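Here is the structure we will look at, set down as structure tokens.
The values are calculated or read from the model by the stated rules, or taken from the named source; none is laboratory data. Keep in mind it's a predicted model, so treat the numbers as computed, not measured. No Cβ is skipped: glycine too gets one built from the backbone with ideal geometry, and neighbour counts run over all protein chains shown.
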Amino acid sequence: MADRKPLMAGNWKMHKTVDEAVDAARNLADRVSGASGVEIMIAPPFTALAPMADALQNTRIGLGGQNLFWEDEGAYTGEVSGPMLKSAGCRYVIIGHSERRQYFGETDETVNKRLKSAIRHGLIPVLCVGETESEREAEKTFSVLDKQVGDGLKGFVADELKTLVLAYEPVWAIGTGKTATADQAQEAHKYLRALIEKKFGKDLAESLRILYGGSVKPGNAAELMGMPDLDGALVGGASLEAASFSEIVLYDQNP
Ligand code: 13P
């Protein structure tokens, strides 16, 4: 099996003022200073990126944007571009989170444009996919993933996707406390990897990291991470506190 370094990522969504973000980041950096086996990312609100980049210099934690617009600059009030994220200290960017799709009208087509921009600017994209509860009940999980991956990655060749990270986030498990079982998550991750292999070949499929997101907590991280196709976690609620997120990051060091 390919050597995939786990990525433990925190998505802070619309939480924390600048001071709260910097405090939490410092606290987290102290707690995870020994976590050499994993990559760590925090995606705070845009307002906290630059001050957090200062606070996190020479630590193990990388920064991510929660979204980006596909044009580099222009008359697009309220939007933030790839070069802006880079200049604020980002290495990663989350794209197509289900909350963006659900509340802000994002589609697979706009996800595709955002992805192109992220890759053009050398940001590591974390592309979120996942089915809703009614889609799962109607046994449409795989066809939803087919469409999100197929349309989201349209027009790319394997070489351009070397840094791509996928995040499987079943919508019914986000913020609900209802985690997918490790077997449910593994089934979806295995499907996604096979899909990537079919479209882009074995090399990319084997090196691609697929994160699981949806009510990941200190108590379930190790079981989820024990699954062969899970290469990390995208954590919402439990990433807001340094104590709980550091336990997730250090999942393999807990008793
Ligand atoms: P929760 O961990 O709060 O369920 O959120 C998951 C998520 O949406 C991460 O992007």
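Observations on the model:
- Residues satisfying the stated conditions in segment 209-237, i.e. in contact with a Phe, Trp or Tyr (Cβ under 9 Å, 6 or more places away or on another chain), free of Cβ contacts under 8 Å to residues at least 60 places away in the same chain and either within 9 Å of the ligand (Cβ to nearest atom) or part of a strand (DSSP E or B) (or both): Ile210, Tyr212
- In segment 150-164, residue surrounded by the most Cβ atoms within 10 Å (Cβ to Cβ) [restricted to those that are over 16 Å from the mean Cα position of the chain (by Cα) and among the charged types (D, E, K, R)]: Glu160
- Yes/no for Ala194 being surrounded by fewer than 21 Cβ atoms within 10 Å (Cβ to Cβ), without any contact (Cβ under 8 Å) to a residue 40 or more places away in the chain, away from the ligand (no atom under 14 Å from the Cβ) and small (Gly, Ala, Ser): yes
- Restricted to segment 238-255, and to residues there that are within 14 Å of the ligand (Cβ to nearest atom) and assigned to a loop (DSSP other than H, G, I, E, B), the residue that is surrounded by the fewest Cβ atoms within 10 Å (Cβ to Cβ) is Glu241.
- Close Cβ contacts (under 9 Å, 6 or more residues apart or on different chains) running from residues in segment 97-111 that are under 16 Å from Gly65 (Cα atoms) and among the hydroxyl-bearing types (Ser, Thr, Tyr) to residues that are within 15 Å of the ligand (Cβ to nearest atom) and assigned to a helix (DSSP H, G or I) comprise Ser98/Val171.
- Residues located in segment 140-189, provided they are in contact (Cβ under 8 Å) with a residue 12 or more places away in the chain, more than 21 Å from Leu204 (Cβ to Cβ), more than 16 Å from the ligand (Cβ to nearest atom) and among the polar types (S, T, N, Q): Thr141
- Within segment 167-184, being farther than 17 Å from Pro218 by Cα and either in a loop (DSSP other than H, G, I, E, B) or hydrophobic (A, V, I, L, M, F, W, C) (or both) holds for Ala167, Glu169, Pro170, Val171, Trp172.
- Scope segment 115-149; condition farther than 23 Å from Glu73 by Cα, part of a helix (DSSP H, G or I) and more than 18 Å from the chain's Cα centre (by Cα); matching residues: Glu133, Ser134, Glu135, Arg136, Glu137, Thr141, Phe142, Ser143, Val144, Asp146, Lys147
- Considering (1) under 18 Å from the mean Cα position of the chain (by Cα); (2) buried (at least 18 other Cβ atoms within 10 Å of the Cβ); (3) within 16 Å of the ligand (Cβ to nearest atom), the lone condition that Asn112 does not fulfil carries the number (3).
- In the set Glu106, Glu137, only one residue is surrounded by fewer than 20 Cβ atoms within 10 Å (Cβ to Cβ), within 16 Å of the ligand (Cβ to nearest atom) and not small (Gly, Ala, Ser); that residue is Glu106.
- In segment 44-65, the residues that are of a type in the set (Val, Ile, Thr) and at pLDDT 95 or above form Cβ pairs under 7 Å with partners that are surrounded by fewer than 19 Cβ atoms within 10 Å (Cβ to Cβ) and not in a loop (DSSP other than H, G, I, E, B), at six or more places apart or across chains, as follows: Thr47/Val18.
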